[in-house]
1. How large is the Rg to Rh ratio of the range 8-63 when both quantities use alpha carbon positions and Rh follows Kirkwood?
2. So, R0 is 25 Å and r is the distance between the beta-carbons of residue 400 and residue 121; what FRET efficiency does that work out to, to 0.05?
3. May I ask you to derive the relative contact order of the range 76-212, considering only C-alpha pairs under 8 Å and at least 6 residues apart, and to give it as an integer percent?
4. In what sequence do 81, 142 fall when counting other Cβ within 10 Å, fewest first?
5. If R₀ is 30 angstrom, what is the calculated FRET efficiency for the pair residue 465 and residue 71, using the beta carbon separation as r and rounding to 0.05?
6. Send over the semi-axes of the chain's equivalent ellipsoid, whole angstrom and largest first, taken as the square roots of 5 times the C-alpha gyration tensor eigenvalues.
7. Give the residue list of trypsin sites (Lys or Arg not before Pro) in the range 332-429 that are DSSP loop and have at most 16 other beta-carbon atoms within 10 angstrom.
8. Counting only DSSP beta bridges with both residues in the chain, what percent are antiparallel, rounded to the nearest 5?
Amino acid sequence: MQDDEKEPKKTPFEAKYFSRENMNKYKPLADALRKQDAVAKSKKEEDKKEAQTEVDKAMAEFCDTSWCSNWDYKKYDIIFYGVSGYTGYLMMEYLKRQALPHGKEKFTFAFAGRTKSKVEAMRDKEFAGTPYADTPCISAKYDDLVSVIDMVKSCRVIVNVAGPYMLTEGELLVDACIYLKTDYIDISGEVPYSLKVYELHKAAKDAGVMVCASAAAAGGMPDMGMYLCAKKLRKDYGEEMRYGSMYIAAGGSAQPPSGGTLKTRAAMNQASDDVKSAMTDPFSMGGFIPDLDRNGVKMINIQKGTGFVTPKTRPEDMDANLSRVAQDEKLGCWRAPFVYAFFETRIIRRSNMLMAELSGQPYGHQLNYMEYAYMPTQEEAKKAVAQAGATSVDAEKKKLEKAGKYYGQGEGPPLEEIEDAWMMYRFYAETPSGKSFKMSIRGQDGYYETARMAIELALTLRFDRLQLPFKGGALTPAIAGGECLAKRLFDSGVTVKMGEWESSDGLPAPREL
């Protein structure tokens, strides 16, 4: 077989489901395949045609998955997967505090995880004595394909919070959702995993399935803000966006990293060189805008020794800009590095690309987007950098242990201990002609806002599907949920100010661990 005749690479679900080992589990298909093998060298074309007909018939039945499924035909609106640990606690807290008592729709849901007893223990801890004390719990494991199929069939939207994602087979669940036509959401913040998910974009788009990774405070909130800024610039001025930036500010109780966050950082530190190379590419998730010379010709880099040619990244888009302490001359504030900027800038660039692909109207054909920590003075910016430093995961662990704030895998700070914490996202957008727009979004601590983003997006996909502009693909939260998601977020208690930035006067000052 020639290179151009090779079979296309199988997706994660296809590789497992359509393996010969799994196909042999369905007796009619196994028998038909054996018969086909037996007559392969036969000179009788009738025998070959008959064998192929039997294979086609059995394969159609096999593709339906009913032969192996134990699904009881119950259909929940949402299933939350991987909820036996800290992220499960966060989801259940948001359900109790906001989505169930104050949401505009009644919805059905279930909890799921690898170990049913652990999921039930978390449910009992969170919902004992409430009308939801008997919420169904489901067992599903990536190494048990039938359990994954049954879980995916049982709901309209899956929210996967089982991380670290790059250490699991999360992409198998994503692909199963695409195959079985169930929308998918997760709260990942890992470039390597995101790239695996985005490989399934065409399959999700063709299937009409929404696949939304990174529906969390990190990634989701900046994505939503820039989406609204781009719409506002077009509405008010009829222009696209040329420059966009986000400044993060926070206050109240410090939020120590959860055990899962530390494990994720450790996993990324141990990634292969190829993965690390992808993580340092400003356009690893798409949306590349080439550097042009004064004649409008694309500039290139030529690798020594190989002659390998790549388009040159514009200096304004390089990650080095994210690490500098500097003053923003237009806005008057000072900027310092923000740890999530190296992830979130990629999300917004992907959103820009998706808008170009799906609507023909990107945020901006020459968009430059950057993120920083907001600092009122140069002294405070330098102090923040000095305090943060560059620490290893082990060093951070020792620091947290000394402060009595270290959490193991599956653990994290109780929300009651960080009740006064807040995060504010300050956005600035500018058109090519210099017209500008500012807005801000303020929520509670990053953990609670992650639960808010994931659950409100799940409700958007479940109840606002017909109003959404795009119907499938590996999308970002803002591109998937659009204005419907924005309305749900704001109605749920997020504070938004359009036209100016909200002041932090009167809000709790930042406190150290």
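1. With Rg and the Kirkwood Rh in hand, the quotient comes to 1.03.
2. It comes out at approximately 0.45.
3. Normalised by residue count, the contact order of the range 76-212 is 24 percent.
4. So the residues, fewest neighbours to most, are 142, 81.
5. The computed FRET efficiency comes out at 0.85.
6. Equivalent-ellipsoid dimensions as semi-axes: 41, 30, 22 Å.
7. Working: sites: 335, 346, 349, 350, 382, 383, 397, 398, 399, 402, 405, 426; in loops: 405.
When the trypsin sites (Lys or Arg not before Pro) of the range 332-429 are filtered for loop state and at most 16 Cβ neighbours within 10 Å, 405 remain.
8. Beta bridges within the chain, antiparallel portion: roughly 55 percent.
Readers should treat all values here as calculations from the given coordinates under stated rules, not as data from a laboratory. Every value quoted in this text rests on a predicted model; they were computed, and no experiment measured them. Every residue, glycine as well, gets a Cβ built from its backbone with ideal geometry; the counts of neighbours run over all protein chains shown.
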